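Reading through the structure tokens given below for one structure.
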Amino acid sequence: MFTMIQILILNEVMFSAYINPFLYVLLIIMLPLKTPKWFLLTYAFCCGLFIDLFSSSLGFHSSATVLIAFLKPSISKITIPHNILGENDEIITHKIGIKAYLTFAFILIFIHHLSLFFIEHLSFNFNILIKTILSSLISLIIILITQQFFYRNK
């Protein structure tokens, strides 16, 4: 459902030249920490490939999603307090707390956006950094709003 929202709505709306929100990264962020690594990487690749097919990009999204799926376990060890989540608990604000979630999600979103925009432009400059920061912040806000609507009772 989040990929369809991304494809049908968010890919078509350009907030400005510097803001491109990506809701579909929520699918990777939410997966439980005990998800097998092979499944996490395969799932991330498939999600990214699906977005690539409808965005006419050449593997940019799949590369960025596989990167954050690869880094997710390491980043979670740094940002999420130990023993809060069960083995199969989704990573959402209500489970780990808003501060830990904001830190964890923003780092993953920032890495995703930075790698995506770097691969798209094959360069790194101040404009790409601004685009990454603004897009990451807007994506995080959209993800937080989405969690409040879909996961408030869990």
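The values are calculated or read from the model by the stated rules, or taken from the named source; none is laboratory data. As the structure is a computational prediction, the values presented were derived from the model and not from experiment. Note that we place each Cβ from the backbone using ideal geometry, even for glycine, and neighbour counts take in every protein chain shown.
Out of curiosity, is L116 farther than 21 Å from G48 by Cβ and surrounded by 13 or more Cβ atoms within 10 Å (Cβ to Cβ)? Here the answer is no, as L116 does not meet what is asked.
Selection of segment 55-76 for residues being over 17 Å from the mean Cα position of the chain (by Cα) and free of Cβ contacts under 8 Å to residues at least 40 places away in the same chain yields S56, L58. Of the residues making up segment 7-36, those that are modelled with pLDDT under 80, in contact with a helix residue (DSSP H, G or I) (Cβ under 6 Å, 6 or more places away or on another chain) and closer than 11 Å to S139 by Cα are I19, N20.
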